[in-house]
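Written out below as structure tokens is the structure these notes cover.
None of the figures in this text is laboratory data; all of them are computed from the coordinates on show. The shown structure was predicted, so the numbers you read here are calculated from the model rather than taken from an experiment. FYI the Cβ positions are ideal-geometry reconstructions off the backbone, even for glycines, and counts take in every protein chain you see.
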Amino acid sequence: MSMPFYVPPEQMMKEKADFARKGIARGRALIALQFADGIVLVAENPSNNLRKISEIYDRIAFAGVGKYNEFDQLRISGVRHADLVGYQFSRRDVEGRSLANQYAQIMGQAFTHESKPLEVEILIAEVGVDASKDRLFHITYDGTVVDESKSCILGGDTESISGRLQPTINPNASIAEAVRIATAALAGPDRTLTAPDLEVATLTRGDHRRCFSRVEDPAVEQFLQDK
């Protein structure tokens, strides 16, 4: 009778982490930024049909990078969870923090117990009644939750994008300025990104119940041209 091969747990976890990071790094990046009236999400995404950014609930948005089919399944489960909580209790009881914790459990479970981890990173963005109540929850492939402040970067060459983004962040910027800042950080010095290359959405503060809206290409093009 042959003995099964023994793989040390630390080696197995390292190999899973390397596998997930490589898959995520191949995807195009996404940036979330606070601006004067809420949160803007800007993704490099030339597809007109496959969305990286979506609405989860009234004041909450979802964004993902990596394997589309995997993060879209997570998006659907989040919508169902939010709808159920809002129906059973109150719409005010649907919070970004509880959604982020649920996603962390799902992704952590897959990373620990499945042979292949999820090749995704996701973001739960929640706009508050004022800027101090805005929340950006970044959930990584292994279920780690990071509570980001002012900005968040997912996927791609994160270090290079962060180096370009950090000196230009302005939480009091207009929506047009915030889109230009995010686009410049995504593009870098050697490329130019235009409206068809981008997917842009906002969570805007206000008295209205639904805060999520998409910014269509003509408006994005105008933002990029404004100085």
Could you say whether any residue in the stretch 84-92 is out of contact with any strand residue (DSSP E or B) (no Cβ under 7 Å at 6 or more places or on another chain) and not in a helix (DSSP H, G or I)?
-> yes
Subset tally (residues that are outside any loop (DSSP other than H, G, I, E, B), of a type in the set (D, E, K, R) and within 13 Å of the chain's Cα centre (by Cα)) for the stretch 16-53 = 1
Scanning the stretch 163-175 residue by residue, those surrounded by 14 or more Cβ atoms within 10 Å (Cβ to Cβ) and either assigned to a helix (DSSP H, G or I) or at positive phi (or both) turn out to be R164, L165, T168, I175
Filter the stretch 134-162 down to the residues that are among the aliphatic types (A, V, I, L, M) and buried (at least 19 other Cβ atoms within 10 Å of the Cβ), then identify the one that is farthest from I53 (Cα to Cα).
-> I161
Given the conditions (1) on the phi < 0 side of the Ramachandran plot; (2) in contact (Cβ under 8 Å) with a residue 40 or more places away in the chain, every one holds for D83 apart from (2)
If you check T168, T140, which single one turns out to be free of Cβ contacts under 8 Å to residues at least 60 places away in the same chain and within 16 Å of G66 (Cβ to Cβ)?
-> T140
Conditions (1) over 15 Å from A61 (Cβ atoms); (2) crowded, with 18+ Cβ neighbours inside 10 Å; (3) of a type in the set (D, E, K, R) -> E199 fails only (1)
Given R91, R26, R80, R75, which one is more than 25 Å from N170 (Cβ to Cβ) and touching a Ser or Thr at 6+ places or on another chain (Cβ under 6 Å)?
-> R75
